[in-house]
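The structure appears right after this line, and notes come after that.
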Amino acid sequence: MPVIKSKFSPSFPFKNGHLSTMYRSIFMKESHNYKRKRITTWDNDFIDLDFSKVNSSKLVVLIHGLEGSSTSKYILAAASELNKAGYDTVSFNLRGCSGEDNLLLPTYHSGKTEDLDFVISYLIENYFYDKIMVVGYSLGGNITLKYFGEHVKTISDKVSCGVAISVPVDLASSSKTMGTSKNKIYMYKFLRSLRKKILIKTQKHPDYKLNINKLLKSKTFKEFDGLYTAPVSGFSGPEDYWEKASSKPYLTSIKKPVLLITSKDDPFLAEECYPFEEAKKSNYFYLEVTKHGGHVGFISSFFIKKNRWLENRILQFIKDNG
């Protein structure tokens, strides 16, 4: 019954979920020493991988969230701390998120585990790492969890464990929660970024017929996913996409150590996104729910050096299971 009692206890201001959610991206300063490798996919597209190496025999794959990238603050923080602890990292930019639009009309989505499977196979075939671990955040965490459950029969022995943070494991309920008034600021930011990318695609792919007026007026994930994500990715509609892309149904199939870290005050998540029953039934899927932390926040103090609880927790699990 791997439900872990969390010891995370932030100072008073960071007991507010919205402050915890926004603080990292606005105020934290992070740097990187990436070296980029562009790889060609099986469908004639490309994926950009950003390596940060310390000559380790172990590699951690980092996967960002919706409209993030290898330069997202939480990715940079993880890469920095993992490097200090002696691990190489590779930050996996999902298609269209590396600063350059991908070549095909479809891009990434919450359940696109085939890209992660392809990247891991590429890493195993072209590098000499003894162990590979996967750490995913939010949307990237959903891909991580789904990958470990969906590919359970084919996953390489070199892939030892995974960690997922702040994951909408039930996409339908999370999408509904994101559409509420309390999340208007977040939705505005996400949809503004997504709309810009899709408008570029309409110019590059003139055969793609999109109702641009509806796109510009979209205010929820249901509207956006119905217009773009679902139809271009082969789903019949947003509900079909959410059902098939959600990681929750795959959690009990996981057969390697995987930890989900999530917070009860995460403004993005509905009650259905806290899979206690799945963790209780599993010997491999671990769940740690903090009382505070927001969405991919877990900030505990205004002092930067004290704001590494999340990274230290990831590192501890990887050391124990990697």
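Treating each Cα of the chain as one equal point scatterer and applying the Debye formula with no solvent, the log10 of I(q)/I(0) at q = 0.06, 0.13 Å⁻¹ comes out as -0.18, -0.94.
By other beta-carbon atoms within 10 Å, ranking THR71, THR290, THR202 with the fewest at the front produces THR202, THR71, THR290. Entry note: region 34-172 has Rg to Rh equal to 0.93, where both radii use alpha-carbon atoms and Rh is the Kirkwood radius. The alpha-carbon positions of region 199-322 define a convex hull whose volume is 184 Å³ per residue. Treating r as the C-beta distance of THR154 and ASN16 and R0 as 51 Å, the FRET efficiency rounds to 0.75.
Which of ARG36, ARG308, ARG313 comes first, and how do the rest follow, when ranked by fewest Cβ neighbours within 10 Å?
Working: ARG36 13, ARG308 18, ARG313 21.
Placing the least packed residue first, the sequence is ARG36, ARG308, ARG313.
When you restrict to C-alpha pairs under 8 Å that are six or more residues apart and normalise by the size of region 84-208, the relative contact order lands at 20 percent.
Hey, what did region 171-245 get for relative contact order, percent, Cα under 8 Å, at least 6 apart? Provide the component values of the computation, followed by the final result.
Details: 52 pairs, mean separation 25.1, N = 75.
In percent, rounded to a whole number, it is 33.
Computed on region 1-103, with alpha-carbon pairs under 8 angstrom and 6+ residues apart, the relative contact order is 27 percent. The equivalent ellipsoid that matches the C-alpha gyration tensor of region 171-245 spans semi-axes of 21, 16, 8 angstrom, in descending order. Estimated from helices alone, the mean residue ellipticity of the chain at 222 nm is -10500 deg cm²/dmol (sum of -39500 (n - 2.57) over DSSP H runs with n ≥ 4, per residue).
Net length available on complete extension from LYS182 to PHE276 is 31.3 nm, with 0.36 nm assigned per residue and the Cα-Cα distance removed. Set against the 2.2 N^0.38 Å expectation for a compact globular protein, region 95-143 has a Cα radius of gyration ratio of 1.28. Label sites at ILE26 and PHE118, each approximated as a point 7 angstrom past Cα along Cα to Cβ, lie 3.8 nm apart. Length gained on full extension, LYS197 to ASP240, computed as 0.36 nm times the residue gap minus the Cα-Cα distance: 13.2 nm. Per-residue Cβ neighbour counts within 10 Å put GLU81, GLU311 in the sequence GLU81, GLU311, beginning with the fewest. Between LEU94, LEU269, LEU216, which gets the highest mean-square fluctuation from a Gaussian network model of the chain, Cα cutoff 10 Å? Judging by the Gaussian network model, the answer is LEU216. Counting only Cα atoms, region 1-46 measures 49, 37, 20 Å along its principal axes, largest extent leading. When the P(r) is computed for region 11-91, the part past 20 Å accounts for 43% of the Cα-Cα pairs. The ellipsoid equivalent to the alpha-carbon distribution of region 259-322 has semi-axes of 22, 18, 6 angstrom, derived from the gyration tensor eigenvalues as √(5λ) and listed largest first.
Each reported figure results from applying straightforward, stated rules to the coordinates on display, with no laboratory input. Note that the structure is predicted; figures quoted are calculated from it, not measured. Ideal geometry is used to build each Cβ from the backbone, glycine not excepted, and the neighbour counts take in all protein chains shown.
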